[in-house]
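None of the figures in this text is laboratory data; all of them are computed from the coordinates on show. The structure presented is a predicted model; accordingly, all values stated were derived computationally and were not measured. With ideal geometry, Cβ positions are generated from the backbone for all residues, glycine too; neighbour counts draw on all protein chains shown.
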Amino acid sequence: MKMNLFFASVFLLTAMINVHGNAAANNNLILIETSNTVLVYRIDQEDVNLYYFGETLKQYDDFKLVEQNSHLGNIVSTYRGLAFNESSLRVTHHDGVLSTELEYVEHTVESIDPNTRQTTVVLKDNIYDFYVDVVFRAYHQQDVISISTRYRNSEPSAVHLYHFASSYLPVFSGRYFLTLFHGEWFGEMNMRETELVEGIRIIDSKQGVKTSDKFSPSFLVSLSHKAKENSGEVIGGTLAWSGNWRHSFEIDHRRKLHIVSGINPFGSDFRLESGNSFTTPEMLISYSSKGKGQISRNFHAWAREYGLLAGNEERPLIINNWEDTFFSFDEEMIKEIISDGADLGIELFVLDDGWFGTEYPRDNDSQGLGDWVVNREKLPGGIESLIEKAHSEGIKFGLWVEPEMVNKDSELFKKHPEWAIQEPGRRMYEQRNQYVLDLSNPEVQDFIVNTVSGILEEHPEIYYIKWDANSHFSNVGSPYLAANNQSYLGIAHTHGLYTVLERVRAKHPDIIMQVCASGGGRIDYGSLKYFHEFWSSDNTDAYQRIFIQWGTSHFFPAIAMGAHVSDVPNGITRRSFPIKFRFDVAMSGRLGMELQPSHMTEEELDFSKNALKYYKRIRPVVQFGDLYRLISPYEHNVASLMYVSDSKSKAVLFVYHHKWIYGDVYPDIKLQGLDPDARYLIREINKVGDFYIEDGQGPFSGEFLMKNGIKINTPFSRSDAHLTVSLMGEYDSVILEIEKVQ
Ligand code: DGJ
């Protein structure tokens, strides 16, 4: 019923777009339109130029005014005479000519589904039979537009591609503030906002595998001033590609911004044979005139519908053994975690690294990778006995694999040294004692598909796979690719990965899969097409997680964000937190645990049991709701966010006191996204002690909660306000369930 209404309303809106579309066609306009935004291109003789990207215009006549602006730039920025900006296309034609001058040929519009319209603009070089198709998909309800480009060579012989971006977006506002997401293993998705100045700012990845390890392929550009959550013009972009990528932000002498996004052209030039075409990955963009909060909600809604697998299905509560046992476990220890987890209310156990290898047992990270045979010394009953145990406890079973990699000390490497990425005669470098398999090689692809399928066919009861990848490219060069095609490795490898994932998914369509790359090293919408979720970070220190999850939430939804409660003190930061704080932080994502419950105290166990019960209750709101970031941990020593259900009848508020400093000033927590006219009851969950708010307070009007908000009580600033939460000490936290009174 909900779906029918959704499609009915989409149909009406689509019909409206058609009105604009038809009128536009008469006027040489090409409109890429979603419910709130539009890209306006105009066919100017042979050129196609962008005139506007922003909030949509309801009156068609207004488009005629827009097109009287001077244009922002061409639909594709090619290398040619008088073009001095960074090119999105640089191709050397078959006869050695360096420049490309594109002319409009035609454009077509088709409906992919009732919510998605695809517009393809076809261009051709004015001399050569070299074609460029720019393909836009406008996701109406979600206000997300994807742009990909197909380069087609119909010249008599091969051309050479040097720059082959997915998209070129010229923007004008005079001042631009770029937010990027940077970090590394154990510290992913830190946010940094800087003003762009004249010149070119590049963020990229050259790591081959771990796409989001140093920088995420995602960015925000705020126009005129720093990005705010709820106001101001912001453009969000993220590249759906699981290999090397690059975004360049160039401010020219007239302070126009040129954004070129796509596969990293660094070291990746390649021959495109006559008769062949090359299609780039999709660049996803979204525009908001109401701040970056709306950009996040747009991407989340898009992801749940199109960007990840089964975005409308609740994710199970997981317990994983990794941070408790690392490689040192035996069958008994694992079975104990399974039954203790099940007692707490966990729904799925995941056996992590270390379960395989016979000749080279995987007892540490230096050996065994590639030898996917169970180590019966560690697990005499094999995987089957663990599955049985899980089932007897009423929970499901999941397994860790890392099939794209190999240790030097492994049977696989001894048998197939030529399957690893390497160059003849050069020293082979390792990362985490391992090599990356050359996925451009179809034999390697077959091996990976057969390995994963073999495991799943032998154990059809496996419900979940954690698919890890712990090394970036530590060498360059493919023993498989021809000598004159070596620089194609990065692209061929990523295509090989997608082929593998497609084949695995086709054979096992129901398997739930998590993508992981040494924590959050592969969080991109290229891979998420094949996965249900990602492991956000190996850093489960609750304080740091607030920041990691905060950054990640800008582009990726909570339903996909693996967030586990682990033991204290944290193995690396040596920091300890109360169990409540750890749960309260993890419960704002896809909750799980990564410890041995028998190491917990009775109180911690009781708390965990209740927390898991509560999470099951709030799960639909967290996993399907709209996210509102209320107080940033980057600006205050308290952070707050909330999720609101579609109907606005339920919400969950999270508040974290992550740092205690004398004299600190605490902002009021002004809720968002509620129905101002509705009345809500408030109930605290995960309660410890009795100094937080009373049960079932209210009802309060949505308007009161959003305008007056909730006051924060601290030891030095007590509030007598009617509605307060108390954050007395460092690492205090609060979760409030907010429910509309019927
Ligand atoms: C890196 C992952 O992020 C961890 O969770 C764990 O699976 C290890 N790899 C296992 O080697």
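Here is the tail figure for region 478-580: Cα pairs spaced more than 16 Å apart come to 66 percent of all pairs. When the inverse distances between all different Cα atoms of the chain are averaged and flipped, the Kirkwood radius reads 27.2 angstrom. The value of relative contact order for the chain, using C-alpha pairs under 8 Å at least six residues apart, is 9 percent.
Between region 609-623 and region 193-243, the C-alpha centres lie 33 angstrom from each other. Listed by chain and number, the aspartates and glutamates placed with their C-alpha closer than 17 angstrom to that of residue 64 are 33, 44, 55; residues fewer than eight positions away on the same chain are left out. With contacts taken as Cα pairs under 8 Å at a separation of at least 6 residues, region 2-307 carries a relative contact order of 17 percent. Among 249, 266, sorting on how many other beta-carbon atoms sit within 10 Å of each Cβ, with the fewest leading, yields 266, 249.
Sorting 417-427, 571-581, 87-97 by their mean Cβ neighbour count within 10 Å, with the most densely packed peptide first, gives 87-97, 571-581, 417-427.
DSSP beta bridges confined to region 76-157 are antiparallel in about 95 percent of cases. Computed across region 132-195, the Kirkwood radius stands at 16.0 Å (inverse of mean 1/r, all Cα pairs). Taken about its Cα centre, the chain carries a charge dipole of roughly 1760 debye when the Cβ of each Lys and Arg holds +1 and the Cβ of each Asp and Glu holds -1.
Annotation: aspartates and glutamates with alpha-carbon distance below 15 angstrom to residue 228 (same-chain offsets under eight excluded): 193, 195, 635. Per residue of the chain, the DSSP helices (runs of n ≥ 4 H) give a summed -39500 (n - 2.57) that works out to -7000 deg cm²/dmol at 222 nm. Couplings for region 189-194, taken from phi via the Karplus curve 6.51 cos²θ - 1.76 cosθ + 1.60 with θ = phi - 60°, read 6, 6, 9, 9, 10, 9 Hz in order; Gly and Pro are left as x. Along its three principal directions, the equivalent ellipsoid of region 2-307 from the Cα gyration tensor extends over semi-axes of 28, 25, 19 Å, largest first. Here the average projected area of the convex hull drawn through the C-alpha atoms of region 528-601 stands at 5.0 nm².
Normalising the average separation of contacting C-alpha pairs (under 8 angstrom, six or more residues apart) by the number of residues puts the relative contact order of region 627-740 at 31 percent.
Computed as a quarter of the hull surface, the mean projected area of the alpha carbon convex hull for region 85-124 stands at 4.4 nm². Cβ crowding within 10 Å ranks 446, 252 as 446, 252, fewest other Cβ atoms first. In the chain, the DSSP beta bridges split such that about 80 percent are antiparallel, to the nearest 5.
Excluding same-chain neighbours fewer than eight residues apart, the lysines reachable from residue 507 by a Cα-Cα span under 28 Å are 210, 389, 396, 415, 466, 529.
Charging the Cβ of each Asp and Glu at -1 and of each Lys and Arg at +1, and nothing else, the dipole of region 229-318 about its Cα centre rounds to 300 debye. Counting every C-alpha pair in region 505-641, the share spaced more than 17 angstrom apart comes to 62%.
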